[in-house]
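Step one of this worksheet: look at the structure below.
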Amino acid sequence: MTLETVKARRSVYEALVAVYYAALNGEIDLEHPAQSPVPPFPKDEPDEWGIWAAAARFHIRAETQFQITDEAFKKIADMMIASELVAAKIRVPEPSADDVAKIEQGLEKINKEVKADQRFHAALDIGVDTLVFVDDQAFEREEVKSVHAGVTVLDADDYRDLLDRPACRATVTAESAHRRALYRLQAQRAQAQESFGGNYLGFLRECQIRLTVRPCRDENMDRVYELAQRTNQMNFSGNRYERSRLAEVARTPEFETYVMECQDRFGTYGTIGFGIVDAREPRLLDLMFSCRIQGKRVEHAFLGFLLRKYRTAGVGPFHANYRKTDRNAPSGRVFAEMGFEEQGVVDGVTRLAFPEGRAVPDDDIIDVIAS
């Protein structure tokens, strides 16, 4: 097998890699084709492999979200063996040892790239749906679409219109202008976590996380507005406040607003959260957080802060509104973990209540400071 032959088969192989990953992750079933819309793999007909791989890949892109689990990555050796078996079926002259070595190097490189592609957005603590991929090659755009269903994919010819897209028109604050510095701090945290000898909660305690809570005012309103436009995974209402509406909320006597800033021993996370409480019931009307604090127990600490504050006031149960979506459902488990109980659903909003007299959970990880 010559290097030119391998290059000619590259698109077929890349499609096969995508299919094998989907099979490893349980998204399509290659062993039981009768239960799958994907036809059996034509292993003895190499000329049809490209057609089959393209059809299977289209099914993945059209019908599923392409997610790769850690368990699937552990099966990488099996995938490599399967891929080599597929390559061995290509009816070309016997490859030399040098050709085989080059193929193996190519497979290893592709596998590493796929693994990195799946995880780099997690390292930045951002959702994959916040990413935009711009490329002038249709093949590259289709490849990204097939592997990362949530990524916005644009033709390079459309770059002039990029800044006019709604997602790109949020206010640019001084904090967001320094987002790269925040990502560097996050990289330092990730390295420290890898070298930490204890469990994850122990690591969080070692981070010395502090959450400062203050009202929404003119000086922080732009950042709150930006947060409301950008956050998805940890937005528990789905509201996208205009700046004029935020100003109105801040002036309403019955509403108590909470703007959250977070920092730890590595540095600052910046302004990472916003909440609104109607003090008359009391009821949490809105709550949202930046994804950069996801998994840090900050949402638990803030809810605990609210529960202790309003329980001290002796006004009965503390209520909360939660508009559940597929995006915020994983983060929304915080309400059950903190002891809230569902009271019903009204107009798509789940009504929650924390019973009066129930002990407020506190894992003693984060210090909350009211300013």
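Where a number appears in this text, it was derived from the coordinates with a stated rule and is not lab data. Bear in mind that the values here come from a model prediction, so they are computed numbers and not experimental data. In this analysis, Cβ positions are derived from the backbone assuming ideal geometry, glycine residues included, and neighbour counts consider all displayed protein chains.
Things worth noting here:
- The simple spin-label model puts a point 7 Å past each Cα toward its Cβ; for ARG251 and GLN229 those points are separated by 2.2 nm.
- The fewest-to-most ranking of ILE209, ILE365, ILE272 by surrounding Cβ atoms within 10 Å reads ILE365, ILE209, ILE272.
- Nonlocal amide H pairs with PHE133, under 5 Å, H built at 1.01 Å: THR152, VAL153, LEU154
- Our coupling estimate for the stretch 240-257, obtained by passing each phi through the Karplus curve with A = 6.51, B = -1.76, C = 1.60 and θ = phi - 60°, is 10, 6, 6, 4, 5, 5, 4, 4, 5, 4, 5, 8, 6, x, 6, 9, 10, 9 Hz, Gly and Pro reported as x.
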